[in-house]
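All remarks here apply to the structure that follows.
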Amino acid sequence: GIPVVTVLSDCSESQRKSFVGLNNYDLGSEYGNELAKIREEKRAYPLKALILLDKDEGNSDDMIFSGLNEALKGRNIVLTSSGVDTSTPFTSEEDVMNILDQLDKQGQIPDVIICPNDRISESVYQCIVDKNLVGKTRILAYYDSETILKAIEKGSVYATFAIEANIVAKQCVNALNEYNNTGLVSEYFTSKYIMISKSNISSYKPEVDKDEG
């Protein structure tokens, strides 16, 4: 008799009342928009971008990839993709290093590397540092881990996309209140990601520190 709202990961065949999720197709579009900005900054025509997809992620990464491809139409950006085994931090970093080694030998390090999850983001950042490629390629990351936020401050990571946890939490509470008050509630609510870059990290980090305290 307790109403349940699932968050981020759904269980649609259960008796949950609603689901609050993230729009991964829109995230792909946001990555595409940032690539277009980088292309203009670098004056690289075409801009060469590589997206590293989680071999085990399935539909989530597929939606990001679809949104990204749609956003890149007519924008003079060449996108390639590779798969990464993220089952452990070791396999993730090993796969990323092998991919970058191969591209480096061919003289084809991309202008931008897109990392649609947290483990790939940290693996790419570490490998870029180890191979002295900071400044030679830009990283569009995912998640607001301490490592990635510090890398943005240093200029080693261009930007990252993170979950607006306070917005997601409010949507969950609103869904429960709506159900309790009316007996009905929408089955699905979507929330957006927030982009963190050097331009807004100073205003973003104090909120993180305050929450952690």
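The values are calculated or read from the model by the stated rules, or taken from the named source; none is laboratory data. Because the structure is predicted, anything quoted here is derived from the model rather than measured. Every residue, glycine among them, receives a Cβ derived from its backbone with ideal geometry; neighbour counts consider all protein chains shown. Ligands, DNA and RNA are stripped out before the accessible areas are found, and what is left, the full protein with its side chains, is counted by its heavy atoms. Shrake-Rupley method; radii C 1.70, N 1.55, O 1.52, S 1.80 Å.
Its residue count N fixes a reference of 2.2 N^0.38 Å for the chain, and the Cα radius of gyration divided by that reference is 1.11. With equal scatterers on the alpha carbons only and no solvent term, can you work out the Debye log10 of I(q)/I(0) for segment 114-213 at 0.13, 0.14, 0.17, 0.18 1/Å? For segment 114-213 at q = 0.13, 0.14, 0.17, 0.18 Å⁻¹, log10 I(q)/I(0) is -0.56, -0.61, -0.78, -0.84. Simple spin-label estimate for E178 and M97 gives 4.8 nm between the two label positions (7 Å along the Cα-to-Cβ direction from each Cα). For segment 61-182, the Kirkwood estimate of hydrodynamic radius, built from reciprocal distances between every pair of different alpha carbons, is 16.2 Å.
By accessible area, using a 1.4 Å probe on protein heavy atoms only, the chain has 47% of its surface on carbon and sulfur. Solvent-accessible area per residue in the chain equals 54 Å², computed with a 1.4 angstrom probe and all protein chains kept. Here the contact order of segment 1-157, divided by its residue count and restricted to Cα pairs under 8 Å and six or more residues apart, works out to 20 percent.
In the chain, taking the dipole from charged Cβ atoms about the Cα centre, the farthest positive-side position among C127, I196, N24 is held by I196. Between E13 and K105, the simple label model (points 7 Å from Cα in the Cβ direction) yields a spacing of 4.5 nm.
For the set K136/K192; K17/K150; K170/K198; K131/K192, the pairs lying more than 32 angstrom apart at their alpha carbons are K17/K150; K131/K192. Let me have the relative contact order for segment 57-147, percent, based on Cα pairs under 8 Å that are six or more residues apart. For segment 57-147, the relative contact order is 26 percent.
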